[in-house]
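Here, each number is a calculation from the coordinates, and none is a lab measurement. Everything numeric here is computed off the predicted structure, so don't read it as measured data. Note: ideal-geometry Cβ built from the backbone for every residue, glycine included; neighbour counts use all protein chains shown.
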Amino acid sequence: MASVRYFVTDVDEAVRFYVDRLGFALKEQFGPAMAILERGDLTLWLAGPGASASRPMPDGHKPIPGGWNRFVIEVEDLAGLVEALHRKSVPFRNEIVVGPGGKQILCEDPSGNVIELFEPA
């Protein structure tokens, strides 16, 4: 099983996004500091501003949401899912891209973290 940690600005808002829009199940929540969600064999740790993992590094750098690293969710009907997520006002960074391995698109959670939605060829 893989676990991924995403830094978020609001744990409650992020939990609602992942559960309501991307089909994750809430396993455990530690108030506004952290939540653990699951989808298939992926465990997602959402760390808010109050989480110990969000503390500044010794050199002063602060862990923040966003960037380009991401996990991938494989889906059967990418176009249909994208249409449904557009209706729920989920932001996307691009349009569907078609390549030799399949189709993909990048959406964002409420904190700006990227999730790749992928339909294999």
- Task: May I ask you to derive the relative contact order of the chain, considering only C-alpha pairs under 8 Å and at least 6 residues apart, and to give it as an integer percent?
- Result: 25 percent
- Points 7 angstrom from Cα along the Cβ direction at Asp10 and Arg70: gap in nanometres? 2.2 nm
- In Å, the C-alpha Rg and Dmax of the range 42-94 are 15.8, 46
- Task: Could you tell me the largest-minus-smallest coordinate of the C-alpha atoms of the chain on each of the three principal axes, in descending order and whole angstroms?
- Result: 44, 30, 29
- Message: Net charge around Glu95, counting only other residues with Cβ within less than 15 Å of its Cβ (Lys, Arg = +1; Asp, Glu = -1)?
- Response: -2
- Query: Rounded to the nearest 5, what % of the DSSP beta bridges within the chain are antiparallel ones?
  - Reply: 65 percent
